[in-house]
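Written below as structure tokens is the structure these notes are about.
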Amino acid sequence: MNKIATLLVLVAILSLRGAESRNHRVLNSVSNSLEYTAISCRAHTASITDFGGVGDGETSNTKAFQDAVNKLSQYKSDGGAQLYVPAGKWLTGSFSLTSHFTLYLHKDAVLLASQDINEWPVLKPLPSYGRGRDAAAGRYTSLIFGTNLTDVVVTGDNGTIDGQGAFWWQQFHRGKLKYTRPYLIEFMYSSDIQISNLTLLNSPTWNVHPVYSSNILVQGLTIIAPVTSPNTDGINPDSCTNVRIEDCYIVSGDDCVAVKSGWDEYGISFGMPTKQLVIRRLTCISPYSATIALGSEMSGGIEDVRAEDITAINTESGIRIKTARGRGGYVKDIYVKGMKMNTMKWVFLMSGNYKAHPDNNYDPNALPVIEGINYRDMVADNVNVAGRLEGIDGDPFKGICISNVTIGMAAKSKKVKWTCSDIEGITSGVSPPPCDLLPDQGPEKIKACDFPTQSLPIDTVELKTCTYRLHYM
Ligand SMILES: *[C@@H]1O[C@H](CO)[C@@H](O)[C@H](O)[C@H]1NC(C)=O
Ligand SMILES: *[C@@H]1O[C@H](CO)[C@@H](O)[C@H](O)[C@H]1NC(C)=O
Ligand SMILES: *[C@@H]1O[C@H](CO)[C@@H](O)[C@H](O)[C@H]1NC(C)=O
Ligand SMILES: *[C@@H]1O[C@H](CO)[C@@H](O)[C@H](O)[C@H]1NC(C)=O
């Protein structure tokens, strides 16, 4: 935008100098070019209007989107293609993307999710979950879906995807859903995915769900849903490797980021962890849930999560580990530093008794291993309870390290600032003083908790500057 504005000023100056005929061309080419950064640029570009799309907010564009993707998939091995969505309200049901493909939303483009149930094909349950979350059977395909893809970009100049979730939330509350609600964006069995610079509103349930995938870049998302809406998690990496989430602002009715890897016996047998996950510069508002949750579905394991520069405001908890007997799996090598929190129920929350099970066939002897949890350099204010850390009887959560954390309690906070059971670890420079299960090592150990210094492969991904000439705007 700024660049365009500067150029327009330049054009205006040139026109004062009387270079009128040339200006006209300059102005046109400026207003018809598009520039942004992405993991790949495409050789071909087309607009949804080329495929009969109508942006009136009433006409269904499901077929136009699917036709466009199908047609543009011919360029997969010929430089790839971009589908441009201009300003307008584009009503659509679920559609699927293709490889070497970019979906770009103009700043005033709104994808409006259809409320016609026939526009939402049903998929089988995820193998690592065994069933759907809302109903035992399958699940509605997400609005923007991709499976077995590589090199896909979903981006825009902060264009909007509006899930019109109220319709789904109502059916959920009435217990009327036959299948699990659709997500806004889901990629399965895919790699090299970028989701960036978009506003996501009112998702029927989770907003962004990469699953069984790797090399995922999520940047610059604004995600907004009513804080009372059911299960509107922000971003849920699920059995994924190499994921980077940064510069996101999330207001939601559930966890802002929820890291997952399958559910009980299904997740254990699928056995695919989430690992090498970076989360930075996240702002979260979620009065009834966590800023970052690990679990509760973590049966494939969660490992090497690095979160930094996180802000939480009016949020139930900061970092939360959720698990239970029967989950199996592990949560290990978790590193969080640089969190600022204001108005929290709990800063630290570990729940070893998070019971929701897919069915009664889980193995109660499948105990999760929780080990190597590092939290440091945090400040919090207006807090009700500093920490509520509950491991599992006979299966303590180990290697917990908390250092350099200052928690200001609310005027009406609980008398007991920390409650701890079945946990083992150390602390240094933490106030108010933690429970006896986390003995204070003295101020000289204030840097005790680890944070890795070597970067992960996802941090070295280079973005290219892509420039397109458009014949439409
Ligand atoms: C997103 O937008 C920001 C701010 O306009 C810009 O700096 C950044 O390059 C964009 N990122 C991507 C991945 O498009
Ligand atoms: C996608 O990949 C998965 C895992 O490799 C495979 O099981 C599945 O059959 C593939 N699906 C399609 C539609 O190709
Ligand atoms: C994107 O749009 C949302 C909603 O209008 C707004 O809150 C946010 O600040 C915008 N982000 C950017 C980077 O312009
Ligand atoms: C303690 O944490 C604060 C941020 O909350 C940071 O500015 C400071 O440098 C940290 N102190 C040490 C000794 O690392």
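The values are calculated or read from the model by the stated rules, or taken from the named source; none is laboratory data. Every value quoted in this text rests on a predicted model; they were computed, and no experiment measured them. Heads up, the Cβs are rebuilt from the backbone with ideal geometry, glycines too, and the neighbour counts pull from every protein chain shown.
Please go through the stretch 166-189 and pick out each residue that is out of contact with any strand residue (DSSP E or B) (no Cβ under 8 Å at 6 or more places or on another chain) and either hydrophobic (A, V, I, L, M, F, W, C) or within 16 Å of ligand 3 (Cβ to nearest atom) (or both). Even if it seems obvious, please write down each step before you answer.
First, pick out the residues of the stretch 166-189 that are out of contact with any strand residue (DSSP E or B) (no Cβ under 8 Å at 6 or more places or on another chain): 166-178.
Once the filter is applied, which keeps residues that are out of contact with any strand residue (DSSP E or B) (no Cβ under 8 Å at 6 or more places or on another chain) and either hydrophobic (A, V, I, L, M, F, W, C) or within 16 Å of ligand 3 (Cβ to nearest atom) (or both), the stretch 166-189 yields A166, F167, W168, W169, F172, L177.
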Exercise for review: Filter the stretch 161-197 down to the residues that are buried (at least 21 other Cβ atoms within 10 Å of the Cβ) and of a type in the set (S, T, Y), then identify the one that is nearest to ligand 2 (Cβ to nearest atom).
Suggested key: S190
Check your understanding: Filter the stretch 141-160 for residues that are at positive phi and within 16 Å of ligand 2 (Cβ to nearest atom); which is surrounded by the fewest Cβ atoms within 10 Å (Cβ to Cβ)?
Key -> N148
Revision key, fill the gap. Checked pairs for the stretch 238-258, first acidic (D, E), second assigned to a loop (DSSP other than H, G, I, E, B) and modelled with pLDDT of 95 or more, C-beta under 6 Å and 6 or more apart or across chains, list as D254/N231; D254/T232; D254/D233; D254/S289; D255/D233; D255/S289
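What is the residue count in the stretch 120-143 for residues that are of a type in the set (K, R) and more than 18 Å from K176 (Cα to Cα)?
We begin by selecting, within the stretch 120-143, every residue of a type in the set (K, R); these are 124, 131, 133, 139.
So of that shortlist, the ones also more than 18 Å from K176 (Cα to Cα) come out as 124.
Number of matching residues: 1.
Considering each residue of the stretch 240-267, count those that are among the polar types (S, T, N, Q) and out of contact with any strand residue (DSSP E or B) (no Cβ under 6 Å at 6 or more places or on another chain), and give that number.
Going through the stretch 240-267, the residues among the polar types (S, T, N, Q) turn out to be 241-242, 252, 261.
Going one step further and asking which of them are out of contact with any strand residue (DSSP E or B) (no Cβ under 6 Å at 6 or more places or on another chain), we end up with 252.
Here the count works out to 1.
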Exercise for review: Give I216, I161 a once-over and let me know the one that is in contact with a strand residue (DSSP E or B) (Cβ under 9 Å, 6 or more places away or on another chain), within 17 Å of L111 (Cα to Cα) and within 16 Å of ligand 1 (Cβ to nearest atom).
Suggested key: I161
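From the list G220, G295, G271, G267, exactly one residue is at positive phi, at pLDDT 95 or above and crowded, with 24+ Cβ neighbours inside 10 Å. Which is it? If you could, list the steps in order and put the result at the bottom.
Working: G220 fails: crowded, with 24+ Cβ neighbours inside 10 Å; G271 fails: crowded, with 24+ Cβ neighbours inside 10 Å; G267 fails: at positive phi.
Answer to the selection: G295.
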Exercise for review: Only residues that are of a type in the set (D, E) and touching a strand residue (DSSP E or B) at 6+ places or on another chain (Cβ under 8 Å): list them for the stretch 445-473, please.
Suggested key: D450, D459
Check your understanding: How many residues does the stretch 255-273 contain that are closer than 10 Å to A293 by Cα and in a loop (DSSP other than H, G, I, E, B)?
Key -> 2
Practice item. Filter the stretch 372-386 down to residues that are crowded, with 17+ Cβ neighbours inside 10 Å and under 25 Å from the mean Cα position of the chain (by Cα) and give me whichever is farthest from ligand 2 (Cβ to nearest atom). Key: A380
Exercise for review: Can you tell me which residue among D134, D192 is closer than 30 Å to I458 by Cα, out of contact with any Pro (no Cβ under 7 Å at 6 or more places or on another chain), away from ligand 3 (no atom under 16 Å from the Cβ) and of a type in the set (D, E)?
Suggested key: D192
